[in-house]
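A short worksheet on the structure shown next.
No value in this document is a laboratory result; all are computed from the given coordinates. The model shown is predicted, which means the values in this text are computed figures rather than measured ones. With ideal geometry, Cβ positions are generated from the backbone for all residues, glycine too; neighbour counts draw on all protein chains shown.
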Amino acid sequence: MRVISGIFKGHQLKSARQLDIRPATDRVKETIFNVLQTRLKLEDARVLDLFAGTGSLAIEALSRYAAFATIVDNSRSSIELIKSNIEKLKLSDKSRIIQADAFKFISKTEGKYDLIFADPPYVYEFTTSIPEKIFTNNLLNTGGFLIIEHTKKMIFENSDKYIQSITKDFGNTVVSFFVHNIMEKK
């Protein structure tokens, strides 16, 4: 697993072969950031990485000049792995690592973010509730993106708060981009 672009391009990250996590592949990461390239100014962006696993999505965003990343995972082993990767790249001053249940963190945080990643386990029962929770708690800045990696079997409903604006299919894996549903008032 490596950083694919930016100031840390090519740097190898410690992976989690012994842990029960599924890090985003280089192909998925590259697609995500290619989509964002013309839609979101990453420079100075505030990033939230939920179910972070190795922290590779947050690290990729920081490599592409994001201002700060909050990285959340419930597993102590994942947190240690993330800390190791963050320290290796000397990104401690641009990140905050939190061991917590992601869904509970969403409920309690008062932070505002430009980019939110959520890569829950495929069997996570609350995946389809993540957009509602993020947008109800007003965690995503207008113009920002919530990006969820999930199985093809999962269906997300749009709401008056958000829409699923883009989907990218990678076989059984799908990456969905959610944005604010800003209705024009007549």
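Pairs of lysine residues in segment 28-180 that meet both criteria, 8 or more places apart or on different chains and Cα atoms under 19 Å apart, total 15. Residues considered: ARG27, ARG96, ARG46. Largest GNM mean-square fluctuation over the chain, using C-alpha springs under 10 Å, is found at ARG27. The H on the amide N of PHE117, modeled in the peptide plane, is under 5 Å from the matching H of LEU48, ASP49, LEU50, ILE147, each at least 5 residues off or on a different chain. Based on the Kirkwood approach, the hydrodynamic radius assigned to the chain is 16.4 Å, with every pair of different Cα atoms included.
Using the Cβ-Cβ distance between ALA100 and ASN138 with R0 = 22 Å, the FRET efficiency computed as 1/(1 + (r/R0)^6) comes to roughly 0.70.
Give me the net charge of GLN12's neighbourhood, meaning all other residues with Cβ under 10 Å from the Cβ of GLN12; Lys, Arg count +1, Asp, Glu -1.
Details: positive: ARG2, LYS14, LYS88; negative: none.
Once positives and negatives cancel, what remains is +3.
Under 5 Å from the amide H of ILE166 lie the amide H atoms of PHE177, each residue being 5 or more positions distant or on a separate chain, with H modelled from the backbone and absent for Pro and chain starts.
In a simple Cβ point-charge model (Lys, Arg +1; Asp, Glu -1; nothing else charged), segment 23-93 has a dipole of about 80 debye relative to its Cα centre.
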